[in-house]
Every structure is written in structure tokens, then in C-alpha cells.
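The structure appears below as C-alpha cells.
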Amino acid sequence: MKTGAILLLWLCAVPFAQAAQNHLLIIGGIGGTDAYRELFAGRAARMYQAAIEAGIEEHNITLLSEAALPDTSRPHRPSDKPTILQVLRDIGNRAQANDRIFVILIGHGNPRGNNAAFNLPGPDISASEFAEALVGLENQLLVIVNTASASGPFINALSADGRIIITATSSGREYYATLFGDYFVAAFAGGGADTDKDERVSMLEAFVFARRETQRAYDNEKQLSTEHALLDDNGDGEGSREPGEFESDGALANRVYLQQQPTLALGASAQLVEMMQRKQELEQSISDLKRQRESLPRTDYYARLETLLVDLALLSREIKAQGG
């Protein structure tokens, strides 16, 4: 039997083991004024549309908002605390162990001592309450993006292994309305964020793009920046302002995409599915090697790194040729 046929039979025999699903929850908080209600509604609607275009199945996208949004076809669901908690339970009940869950908060926040809260219609939800709501989702990779003011404490509350936490501010003391959310959404809804030109935007690329464009906006207005975004993805509760592909923060975010992974169930070829899995393994090997840098002989480290990078470059070229 030919290798390709064997591979296809193996993939089909493992009831879609590679068919991991992406789930997205978009939470549009309370605006407070007409201008902010319109601003947050626009960000939420653009994020929803970007997720559809990224290949996430519509039944795996939940949009909660202060008021009905005219640009989406889904019935309105309010962004109050009981609904948020129920939606997170529902996602947890249907998500498989290898699925990825994205939660994006768009709105205002405020400090609460060492804690912080995201502002909602009705009672707000604090960072510690949000952490409690995520209990039971330890088997899925979680991406939590809080684009609100005073969002920094969400890193301290939510940080854990297998999680990517992004906040628009570095602390609860940065409590002015933020620009970061607009540019984070634009990373997926527009162009310019795909720095490696693989036609996908990773969480790291989105963060770097949004942070850069936010700073550019303040510089253009000759204003001192009142927000400093952070990313934490190594579970230490310490966010980084400048994460990177091979830094302590950024390695995981560099491998996680909003775009739905090609799978047999979505019509991808067995060859492409296998290559995408191999690509993830190579990226993980590079990250693991980077962490061992100080304990390895210099020549050994660079020889192994060069081999892995060359293999990754060649594989990426093949994936692109296959339409991946």
C-alpha cells in the first residue's frame, strides 16, 4: 500500500484527532456614552466578521453585546454577567481536549484595589471572578484578550500553563479608555499584521501589530501614551511588553492562530494535515531548544537551531504550495 494511502487511513481511523475546533466568545461591554457604544459595537462586529473569514464555524462564535448589532445575522444576546458565565459553561461542555478557546473583551474597565473589573450592563465581572469562570477549561488552550482600560491585573488573575493572556494596559492604574482594541481587531480585519507572510495572523503578530500602531497613534498626536499592552503565555503571571518568537513570553502565542487549522473534516488533504502537524512539532522543538540555550555548548546549540530552522523553512514552502 502506498504511503499516502496509509497516511489517509491512519488519519481517518483516529476519529478526526486532528480536527481541533476554534471557539470564539466576543464580549462587548457597556459603553457609557453613545460614542463609546458605537465604537465598541463596531469593534465587536468587525471581530465577528474577521472570525467568519478566518474559517471559524458560525456555531462556534458567540457575540455578546450591550445592545443588538446591525451588522451580524445572529440574534442579540446581552453581555451581562449571568450570560457570560453560562456561555463559558456551554463552551466548556462541548469543547474537546485539543480545541482552542478565544475570549475577547471589548469595552471599559476599572481598578479594584489589586484586582480589576470589566464593565458590563448590570454588575461588572472582576478578574478573579473571570478566573473562577474558567475553572474546568484546563484541557483546552485558552486565549484571553482584554482590550479594556485597567486590564493589567487580568494577567495576574488568569495566567496559567496553556494560556495566552493579552491586556491593553500594564496595570489597573492605566484607567483611561484604550486604543489597543481597535488595532488588535484590525490585525485580523485588515492588513499589515502578517509579518511572516504565511497568510495567517498569530496571536503574537496581532499583539505586536496592535502595540506598534497604538504607540504610533500617540506619537502622531504628540501625546504621552496612557496604555502599555502586555502578553503572558508562559504561565508565570508576569506579562511582557516586548514578547518574541523565542522569548520567555511569545513562543506559544507565535504558534496560535485565530484561523481554523486545516483538517480533513474541513476538506484539507491528508498530506496538508500531516504537514501542518509537522510544522507545529518543529516550532515546538525550536521553542524548547531556545529555552535550553544556556545549558548547551554554543556550537551544538547553533547547529541544532540551524537544522530546525532550515527544516521549518522548507516545510513552510511546501505548505504554502499546498494552499495551507
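Rule-based calculations on the coordinates, nothing more; no lab input. These figures come from a predicted structure and were not determined experimentally. In this analysis, Cβ positions are derived from the backbone assuming ideal geometry, glycine residues included, and neighbour counts consider all displayed protein chains.
Nearest 500 deg cm²/dmol is fine: what mean residue ellipticity at 222 nm does the chain get from its DSSP H runs of n ≥ 4 alone, each adding -39,500 (n - 2.57), divided by its residue count? Show your work: numbers first, answer last.
Numbers: 9 runs with 132 residues, N = 324.
Value at 222 nm, helices only: -13500 deg cm²/dmol.
With θ set to phi - 60° and the Karplus curve 6.51 cos²θ - 1.76 cosθ + 1.60, what are the ³J(HN,Hα) couplings of the range 303-319 in order, to the nearest whole Hz, using x for Gly and Pro?
Values, residue by residue: 5, 5, 5, 4, 4, 5, 5, 5, 4, 5, 5, 5, 5, 4, 5, 5, 4 Hz.
If you take every DSSP beta bridge fully contained in the chain, what fraction is antiparallel? Give it as a percent rounded to 5. Could the numbers behind the result be given before it?
Details: 11 of 34 bridges.
The antiparallel proportion sits near 30 percent.
Net charge near PHE209, counting Lys/Arg +1 and Asp/Glu -1 over other residues with Cβ under 11 Å of its Cβ?
So the surrounding residues net to 0.
Using the per-residue mean of other Cβ atoms lying within 10 Å as a proxy for protection, in what order, highest first, do the peptides 116-122, 201-207 fall?
On the way: 116-122: 22.6, 201-207: 25.4.
Ranking the peptides 116-122, 201-207 by packing returns 201-207, 116-122.
With an 8 Å cut-off on Cα pairs and a minimum separation of 6 or more residues, tell me the relative contact order of the range 138-247 in percent. Each step should come with its number before you reach the end.
Numbers: 201 pairs, mean separation 35.1, N = 110.
Computed value for the range 138-247: 32 percent relative contact order.
List, in order, the whole-Hz ³J(HN,Hα) value for each residue of the range 182-195 obtained from phi through the Karplus relation with A = 6.51, B = -1.76, C = 1.60 and θ = phi - 60°; use x for Gly and Pro.
For the range 182-195, the Karplus-derived couplings read 4, 6, 5, 4, 4, 4, 9, 8, x, x, x, 8, 7, 6 Hz, x marking Gly and Pro.
Which whole-number percentage describes the relative contact order of the chain, with Cα contacts under 8 Å and a sequence gap of 6 or more? Don't skip to the end; give the middle numbers.
Details: 600 pairs, mean separation 50.3, N = 324.
About 16 percent, as a whole number.
Between the range 195-209 and the range 126-169, how far is it from one alpha carbon centroid to the other, in angstrom?
The range 195-209 and the range 126-169 have Cα centres spaced 21 Å from each other.
For the ranges 148-160, 181-193, what's the packing order if you count other beta-carbon atoms within 10 Å of each residue, average per peptide, and put the highest first? Don't jump to the answer; show the numbers that get you there.
Details: 148-160: 25.2, 181-193: 21.0.
Averaged packing, sorted descending, gives the order 148-160, 181-193.
Order these peptides, 133-145, 21-33, by their mean beta-carbon neighbour count within 10 angstrom, highest first. Could you put the intermediate results ahead of the total?
On the way: 133-145: 18.7, 21-33: 21.6.
So the order, starting with the most tightly packed, is 21-33, 133-145.
With θ set to phi - 60° and the Karplus curve 6.51 cos²θ - 1.76 cosθ + 1.60, what are the ³J(HN,Hα) couplings of the range 139-150 in order, to the nearest whole Hz, using x for Gly and Pro?
The phi angles translate into 8, 10, 6, 10, 10, 10, 10, 9, 8, 8, 5, 6 Hz.
In terms of modelled amide H atoms, which long-range or inter-chain residues lie less than 5 Å from the amide H of ARG112?
Here the answer is ALA117, since their amide H atoms fall under 5 Å of that of ARG112.
Would you pull out the residues with amide H under 5 Å of ALA148's amide H, same chain only if 5 or more places away, H placed 1.01 Å from N?
Amide H to amide H, under 5 Å and 5 or more residues apart or across chains, ALA148 pairs with GLY107, ALA168.
Would you please give the residues with an amide H less than 5 Å from that of SER65, counting only those at least 5 places away or on a separate chain, with H modeled from the backbone geometry?
Residues meeting the amide H criterion: GLY28, ARG77, SER79.
Quick one: grab the alpha carbon gyration tensor of the range 22-255, order the square roots of its eigenvalues as a ≥ b ≥ c, and give me rounded if a/c is under 1.5, else prolate or oblate depending on whether a/b is larger than b/c. Don't jump to the answer; show the numbers that get you there.
Working: a/c = 1.16, a/b = 1.07, b/c = 1.08.
Here the range 22-255 falls in the rounded category.
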